[in-house]
Amino acid sequence: PPDIKRLFLTATEMAPEWHISMQSIIQSYVDNSVSKTINLPHSTTVEEIKEIILAAHDTWHCKGLTLYRTGSRKDEVIASGSNEENDSETREVARVGEPQTLTSL
C-alpha cells in the first residue's frame, strides 16, 4: 500500500544526503569505520558525485563511502518484481552496454 511504501524506501529512492546522514550518525558512535554504498542513477554527473563526496567529508564522521552508478558495469543483476521472481536461483541480467568511465575530479 502507498502509505506503507513511503515509509520503507529502497536505497535508490533515498537522496544521497540521507545516506550520508545515516552513516555519519552511526559512525559517530562506532570506533571502527563504517562504509555505506550510495546507489546513484546513470544520469548522475561528475559534479553531483563531487558534491556527494564533499558532503560526506564535511560531516567529519564518515570514514568510508562507496558510490555505485547504475550502468557503470557491462552486466547488472536486476532484482525487481514479485518475491517469487527474486527468490529464483537464476537472476535476470541486464545488458546496459559498455561501462562508462567518468573523468576524475
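The values are calculated or read from the model by the stated rules, or taken from the named source; none is laboratory data. As the structure is a computational prediction, the values presented were derived from the model and not from experiment. When we count neighbours, we look across all protein chains shown, and the Cβ atoms used for this are built from the backbone with ideal geometry, even at glycine. Quick note on the areas: whole protein, heavy atoms, side chains included, nothing else; ligands and nucleic acids left out. Shrake-Rupley method; radii C 1.70, N 1.55, O 1.52, S 1.80 Å.
Keeping all protein chains in place and using 1.4 angstrom, which order do THR12, THR44, THR66 fall into by accessible surface area, from largest down?
The most accessible residue leads, giving THR12, THR66, THR44.
Pull up all non-local amide H partners of GLU76: gap of 5 or more, or a different chain, and H-to-H distance under 5 Å with H placed in the peptide plane.
Placed amide hydrogens put ALA94, VAL96 under 5 Å from GLU76.
Residue by residue through segment 52-61, what is 3J(HN,Hα) from phi via Karplus (6.51 cos²θ - 1.76 cosθ + 1.60, θ = phi - 60°)? Round to whole Hz and write x for glycine and proline.
Computed from phi, the couplings for segment 52-61 are 5, 4, 5, 4, 5, 5, 5, 6, 6, 10 Hz.
Sorted by accessible area with a 1.4 angstrom probe, largest first, how do HIS57, HIS42, HIS19 fall? Let's see the in-between values first.
Details: HIS57 115, HIS42 80, HIS19 0 Å².
Result, largest first: HIS57, HIS42, HIS19.
Apply the Karplus curve 6.51 cos²θ - 1.76 cosθ + 1.60, θ = phi - 60°, to the phi angles in segment 29-37 and return the couplings in whole Hz, x for Gly and Pro.
Running phi through 6.51 cos²θ - 1.76 cosθ + 1.60 with θ = phi - 60° gives 10, 10, 6, 6, 7, 10, 10, 9, 8 Hz.
So, in nm, how far is label PHE8 from label THR66 when the simple model puts each one 7 Å beyond its Cα toward the Cβ?
Between PHE8 and THR66, the label points sit 2.3 nm apart.
If LEU54, LEU67, LEU7 are ordered by their accessible area, calculated over protein heavy atoms with a 1.4 Å probe, which sequence runs from highest to lowest?
LEU7, LEU54, LEU67
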